[in-house]
Amino acid sequence: MTENAQFSPDTAARRRFLALCTLAVAGIIAVQAIVLHLLGQPAICSCGYIAWWYPESSGPQTSQHIADWYSFSHLLHGLIFYFLFWLLAPRASFGTRLILAVALEAGWEIAENTPMVIDRYRQTALAQGYFGDSIVNSLSDTLAAVIGFFLARAWPVWMSVLVVVAVELVLAYAIRDNLTLNILQLIHPVDAVSRWQTGG
């Protein structure tokens, strides 16, 4: 590639757009952290330390560390958002779709840490002691969605579908919960599902 081609107007424009996309994503994540702080969510676990992985699905430190079983559900968010915005905005650039996906994920992270949604979660079988996410955990969930978004771009459609199904089945087996059940129990709790989740 010649020196002139390296610094062509098209290349410069792409770099500017990439920089703008990066700033937009960083800005959305910063707003997410600020709003969660204003909502009263702790920066880190009240236990006083940050773990890379918390193995219990409904323990006192669930949603307080960097990753737990529910991090996989947020990875699926990214896969799903990629195809959602591919369908809704087929002419939009990847960067634009990424910004939309991060905004949607951040919006959900904020919404699920509002008192109304926290109280709604507490009515489900597996989240009776739930009091929201730490800011570290919430930002990690958004990062997991971003990773899923990039994976969806790299993988063929069948691979993304296979991963979604496999993760849902593994989570259902391992913790008796997954993205599908989480949404179902949040919107319209089913007694039979609640009994199964609690081992009844």
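Taken together, the values in this text are just the output of simple stated rules run on the coordinates, not laboratory data. All values derive from a computational prediction rather than experimental measurement. Every residue, glycine among them, receives a Cβ derived from its backbone with ideal geometry; neighbour counts consider all protein chains shown.
Report the residues of segment 99-122 in range of a label on ALA92: point 7 Å along Cα→C-beta, backbone N strictly under 12 Å from it.
99-105
For labels at PHE83 and ARG195 in the simple 7 Å Cα→Cβ model, what's the distance in nm?
3.3 nm
Distance in nm between label sites at TYR173 and ARG122, each 7 Å beyond Cα in the beta-carbon direction?
Rounded to a tenth, the inter-label distance reads 3.5 nm.
Multiply the residue separation of ILE50 and TRP155 by 0.36 nm, subtract the distance between their alpha-carbon atoms, and state the gained length in nm to one decimal.
Working: separation 105, 0.36 × 105 = 37.80 nm, distance 3.20 nm.
Once the chain is fully extended between ILE50 and TRP155, it gains 34.6 nm.
So what is the relative contact order of the chain, in percent, for Cα pairs below 8 Å that sit 6 or more residues apart? Numbers along the way, then the final one.
On the way: 218 pairs, mean separation 54.0, N = 200.
Computed value for the chain: 27 percent relative contact order.
What's the longest bit of the chain with no exposed chymotrypsin sites (Phe, Trp or Tyr not before Pro), using DSSP loop states and at most 14 other Cβ atoms within 10 Å as the test?
Numbers: sites that count: PHE7, TYR49, TRP52.
That gives 53-200 as the longest site-free run.
Sort THR124, THR198 so the one with the fewest other Cβ atoms within 10 Å of its own Cβ comes first.
Working: THR124 21, THR198 12.
Taking fewest neighbouring Cβ atoms as first place, the list is THR198, THR124.
Which value in deg cm²/dmol, rounded to the nearest 500, describes the helix-derived mean residue ellipticity at 222 nm for the chain, given -39,500 (n - 2.57) per DSSP H run of n ≥ 4 and division by the residue count?
Working: 9 runs with 133 residues, N = 200.
Value at 222 nm, helices only, nearest 500: -21500 deg cm²/dmol.
Treat every Asp and Glu Cβ in segment 1-137 as -1 and every Lys and Arg Cβ as +1, leave all other atoms uncharged, and give the resulting dipole magnitude about the Cα centre to the nearest 20 debye.
400 debye
Under 5 Å between amide H atoms, partner at least 5 residues away or on a different chain: which partners does ALA67 have, H built in plane at 1.01 Å?
TRP53, TYR54
Count charges around LEU39 for me, please; just the other residues with Cβ under 12 Å from its Cβ, Lys/Arg as +1, Asp/Glu as -1.
Working: positive: none; negative: GLU109, GLU112, ASP133.
Local charge sum for LEU39: -3.
Once phi is turned into ³J(HN,Hα) by the Karplus curve 6.51 cos²θ - 1.76 cosθ + 1.60 with θ = phi - 60°, what whole-Hz value does each residue of segment 51-58 show in order, with x for glycine and proline?
Values per residue, Gly and Pro as x: 9, 5, 9, 10, x, 8, 7, 9 Hz.
Residue by residue, what Karplus-based ³J(HN,Hα) values in Hz, rounded to whole numbers, does segment 83-91 have, using 6.51, -1.76 and 1.60 with θ = phi - 60° and x for Gly and Pro?
6, 4, 6, 5, 6, 7, 9, x, 8
In what sequence do LEU18, LEU98 fall when counting other Cβ within 10 Å, fewest first? Kindly include the intermediate steps, with their values, before the conclusion.
Details: LEU18 11, LEU98 23.
Going from least to most buried by this count: LEU18, LEU98.
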